[in-house]
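S.K.: This is the structure, below, for whatever I ask next.
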């Protein structure tokens, strides 16, 4: 009989109380309410561990480096208990023919029931000769393994969009995996790398509920990619107040002002960096004093300097403090000028109205109605 997630945890000495805590923490990491913790517990008590095949194409392995540092839930809990990582040629002990035999065994034994996780992308030029794991073009290997997978996850911006390997002039003709896998939905988890907890939460969701999470129009899980980094950024009040860093190490930089004028792409980037953060929730790039480079957005690598201010009038269909990705539409980094101006104008109007109210009543009213 195949062991369930709960069976494995009990065998490892985990108490029922700690198991319930784990389910509650997992529900919270997915953005669900307390009621979902019970559903997750029930699913993990009855479902067998999910076999996972993890492939590597053109990439730098930063997605794996991120994933193994997951804290909520711990990567060891996901890898050792919730899923059965049957093949990952980067971190598995086996090598050569032994590793390839493990891959063949997994996709045959668990046909239609395994998850395919892909890190990196396939190059198509010269019949795929620029990436030949196991002596075969990666694109060929990708098609074969994807054929009978129950779900496909594109880890990082390389697999999701192409990333720097696809930068102009792209001599290897590197493409995102959806250009090769065209017959099934792909869960895109972009970022360079993605946030560790986002990665483990996506795997947890599939393992617990036996379905893929709700995706936006670009194939990203809405639970983590529905809002702009700008909307939850702790520097946002400085943007609304018109307080910007003008030059590195000026007064504004030391005072924590908004980084928009020195190139921050937070207003056009959809990710959970400003809420989930990195390194067990300790920080994220903007908190470290550097603007967001938009690494989870398609084409970020070909949009000029990371320090160029967003100026182009672009494709926003709706302007709102908390407009999500579907409301705004397919937004490309570098097309925010109109939104920034309109957003700043709204803030200015609000402040002017409040000043007028203050003058009329003699009361002190904070800008923005706060």
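S.K.: In nm, give the distance between the simple-model label positions of residue 108 and residue 126, each being 7 Å from the Cα along the Cα-to-Cβ direction.
M.R.: Output for this residue pair reads 3.3 nm.
S.K.: Calculate the radius of gyration of the Cα atoms of segment 170-277 to one decimal place, then report Dmax, the largest Cα-Cα distance, as a whole number, both in Å.
M.R.: 17.7, 54
S.K.: To check you understand DSSP bridge types, tell me what percent of the beta bridges within segment 5-224 (both residues inside) are antiparallel, rounded to 5. Numbers along the way, then the final one.
M.R.: Values: 4 of 24 bridges.
Of the beta bridges lying entirely in segment 5-224, close to 15 percent run antiparallel.
S.K.: Just check segment 5-224 against the gyration tensor rule for me: Cα atoms, a ≥ b ≥ c as the square roots of the eigenvalues, rounded for a/c under 1.5, and otherwise prolate or oblate depending on whether a/b exceeds b/c. Don't jump to the answer; show the numbers that get you there.
M.R.: Numbers: a/c = 2.08, a/b = 1.58, b/c = 1.32.
Since a/c reaches 1.5 and a/b is larger than b/c, the shape of segment 5-224 is classed as prolate.
S.K.: Test of understanding: ordering 232, 150 by Cβ neighbours within 10 Å, fewest first, what list do you get? If you can, show how the numbers build up before the last one.
M.R.: Working: 232 15, 150 18.
Lowest to highest Cβ neighbour count: 232, 150.
S.K.: Ok, one more. What whole number of Å gives the distance from the Cα centroid of segment 213-235 to the Cα centroid of segment 1-46?
M.R.: 26 Å
S.K.: Among 115-126, 152-163, 234-245, how do they line up from the highest to the lowest mean number of other beta-carbon atoms within 10 Å? Mind showing how you got there, number by number?
M.R.: Numbers: 115-126: 24.2, 152-163: 27.4, 234-245: 17.7.
Result, highest mean Cβ count within 10 Å first: 152-163, 115-126, 234-245.
S.K.: Shifting gears a bit: Take residue 91 and residue 282, extend 7 Å from each Cα along the Cα→Cβ direction, and tell me the distance between the two endpoints in nm.
M.R.: Modelled inter-label distance: 1.9 nm.
S.K.: In what sequence do 247, 59 fall when counting other Cβ within 10 Å, fewest first?
M.R.: Values: 247 10, 59 25.
Ascending Cβ contact count within 10 Å gives the list 247, 59.
S.K.: If R0 is 41 Å, what FRET efficiency do you get for residue 101 and residue 275 from their C-beta distance, rounded to 0.05?
M.R.: Working: r = 43 Å, r/R0 = 1.04.
It comes out at approximately 0.45.
S.K.: Modelled label-to-label distance, residue 290 and residue 234, 7 Å Cα→beta-carbon offset: nm?
M.R.: My value for the distance between the label points is 1.8 nm.
S.K.: Can you compute the FRET efficiency between residue 248 and residue 28 using 1/(1 + (r/R0)^6), with r the Cβ-Cβ distance and R0 = 35 Å? Round to the nearest 0.05. Numbers along the way, then the final one.
M.R.: On the way: r = 37 Å, r/R0 = 1.05.
It comes out at approximately 0.45.
S.K.: Further question: Residue 305 to residue 147: FRET efficiency via 1/(1 + (r/R0)^6), r the Cβ-Cβ distance, R0 41 Å, to the nearest 0.05?
M.R.: 0.50
Coordinate-derived values only; no laboratory data. Only a predicted model underlies this, so the values are computations on that prediction, with no experimental measurement involved. Positions of Cβ are generated from backbone atoms using ideal geometry, with glycine treated the same way; all protein chains shown enter the neighbour counts.
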